[in-house]
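Report on the structure given below.
The values are calculated or read from the model by the stated rules, or taken from the named source; none is laboratory data. What you see is a predicted model, and the numbers here were worked out from it, not measured in a lab. Heads up, the Cβs are rebuilt from the backbone with ideal geometry, glycines too, and the neighbour counts pull from every protein chain shown.
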Amino acid sequence: MTSRTYDDIAESVAAVEGWMTAEQGRRLFAAAARCPSGGRIVEIGSFRGKSTIVLATAAPGGVEIVAIDPHAGNDRGPQELVGFEAEAADDHAVFNANLRAAGVAGRVRHVRAFSESAHAEVGGPIDVLYIDGAHRYAPARRDIVEWGTEVGAGGTLLIHDSFSSIGVTLAILRELTAGRRFRYVGRSRTLAEYRADLPGGARSRGANTLRQLAQLPWFAKNVALKVALSLGLGKVMRRMGRAAPEWPY
């Protein structure tokens, strides 16, 4: 296990562009720190390396860290689904520079490909899977289904923008809410954590379903806030001299 904590790197990680709260960073750090030596951590969606640095710093020695991101300008950030190809090369360069600055470049293997095309380059079981890739329903569901099957018994699945992004949440409702394998552990804002150790009884599965459905009112609140911000709520509040709410993540 690493002797460092998230607080040891919090200030430097905060300087890296991306969408991750300190609470989410601690959850990611704890999951990576539990990974057994010789295990594998896979991240889908790295952007400029904020979460990658956390995972690579926390992981014990002997753990392989694989970061999958095409850096193609697609699903780049909130309301940045397509049309950002010009920024892609810069994202890739900054990602590598950030990993070098954090001293973890040698620990991370970057697969520059879309997740659906990366399976051949990431063989074997996964101990910690962090999904923060495409947020539309079809690709989000595909990541959960295809990559989730690679998570070994007792392994950890983390999904960003859960109960916030409509596509991601619909994928979770379809594949995990009534699933028989992944137990819902909890969330740090939109970062949901699951463990591949759900007991097989109907009572356990029912309780697991209810715990996830209980997040839906919070999901509705997030969607309403996104709609309001998209319609100009932030501009109105700033004109009134008030701080605008941030995009929920």
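Restricting to segment 202-239, and then to whatever is at pLDDT 95 or above and either acidic (Asp, Glu) or not in a helix (DSSP H, G or I) (or both), can you tell me which residue is nearest to Ser165 (Cα to Cα)?
Among those residues, the one meeting the criterion is Gln215.
All but one of (1) out of contact with any helix residue (DSSP H, G or I) (no Cβ under 6 Å at 6 or more places or on another chain); (2) assigned to a strand (DSSP E or B) hold for Arg242, so report the exception by its number.
Of everything listed in (1) out of contact with any helix residue (DSSP H, G or I) (no Cβ under 6 Å at 6 or more places or on another chain); (2) assigned to a strand (DSSP E or B), Arg242 misses just condition (2).
Does segment 226-249 include one or more residues that are within 20 Å of the chain's Cα centre (by Cα) and under 24 Å from Val145 (Cβ atoms)?
yes
Going by the conditions given, is Ala178 without any contact (Cβ under 8 Å) to a residue 60 or more places away in the chain, under 23 Å from Ala32 (Cα atoms) and of a type outside the set (Phe, Trp, Tyr)?
Values: without any contact (Cβ under 8 Å) to a residue 60 or more places away in the chain: yes; under 23 Å from Ala32 (Cα atoms): no; of a type outside the set (Phe, Trp, Tyr): yes.
The answer is no for Ala178.
Restricting attention to segment 17-31, which residues are assigned to a helix (DSSP H, G or I) and either within 15 Å of Phe47 (Cβ to Cβ) or in contact (Cβ under 8 Å) with a residue 24 or more places away in the chain (or both)?
Selection gives Glu23, Gln24, Gly25, Arg26, Arg27, Leu28, Phe29, Ala30, Ala31.
Quick one: which residue in Gly39, Gly45, Gly83 is among the small types (Gly, Ala, Ser), at pLDDT 95 or above and at positive phi?
Numbers: Gly39 fails: at positive phi; Gly83 fails: at pLDDT 95 or above.
Answer to the selection: Gly45.
Can you say whether Asp161 is part of a loop (DSSP other than H, G, I, E, B), acidic (Asp, Glu) and out of contact with any Lys or Arg (no Cβ under 9 Å at 6 or more places or on another chain), as far as the supplied structure shows? Steps first, please.
Values: part of a loop (DSSP other than H, G, I, E, B): yes; acidic (Asp, Glu): yes; out of contact with any Lys or Arg (no Cβ under 9 Å at 6 or more places or on another chain): yes.
Answer is yes for this residue.
What's the number of the condition Gly155 fails, among (1) outside any loop (DSSP other than H, G, I, E, B); (2) small (Gly, Ala, Ser); (3) in contact with a helix residue (DSSP H, G or I) (Cβ under 8 Å, 6 or more places away or on another chain)?
Answer for Gly155: the failing condition is (3).
With Ala93, Ala134 as the choices, which residue is loosely packed, with under 15 Cβ neighbours inside 10 Å and not in a strand (DSSP E or B)? Step through it out loud before you land on a result.
Details: Ala134 fails: loosely packed, with under 15 Cβ neighbours inside 10 Å.
Testing whether each residue is loosely packed, with under 15 Cβ neighbours inside 10 Å and not in a strand (DSSP E or B) leaves just Ala93.
Return the residues of segment 206-216 that are surrounded by fewer than 18 Cβ atoms within 10 Å (Cβ to Cβ) and free of Cβ contacts under 8 Å to residues at least 40 places away in the same chain; say none if nothing qualifies.
Scanning segment 206-216 gives Gly206, Ala207, Thr209, Leu210, Arg211, Leu213, Ala214.
So, Ala153, is that one surrounded by fewer than 18 Cβ atoms within 10 Å (Cβ to Cβ) and over 19 Å from Phe114 (Cβ atoms) or not?
In short, yes.
Filter segment 170-184 down to the residues that are of a type in the set (A, V, I, L, M, F, W, C) and not in a helix (DSSP H, G or I), then identify the one that is surrounded by the fewest Cβ atoms within 10 Å (Cβ to Cβ). Before you say what the answer is, go through the steps one by one.
Step one: of segment 170-184, the residues of a type in the set (A, V, I, L, M, F, W, C) are 170-173, 176, 178, 182.
From what is left, the residues that are not in a helix (DSSP H, G or I) are 176, 178, 182.
On the way: Leu176: 24, Ala178: 13, Phe182: 25.
Applying the filter and picking the extreme gives Ala178.
Determine whether Arg187 is part of a helix (DSSP H, G or I) and either touching a residue at least 12 places away in the same chain (Cβ under 8 Å) or of a type in the set (D, E, K, R) (or both).
no
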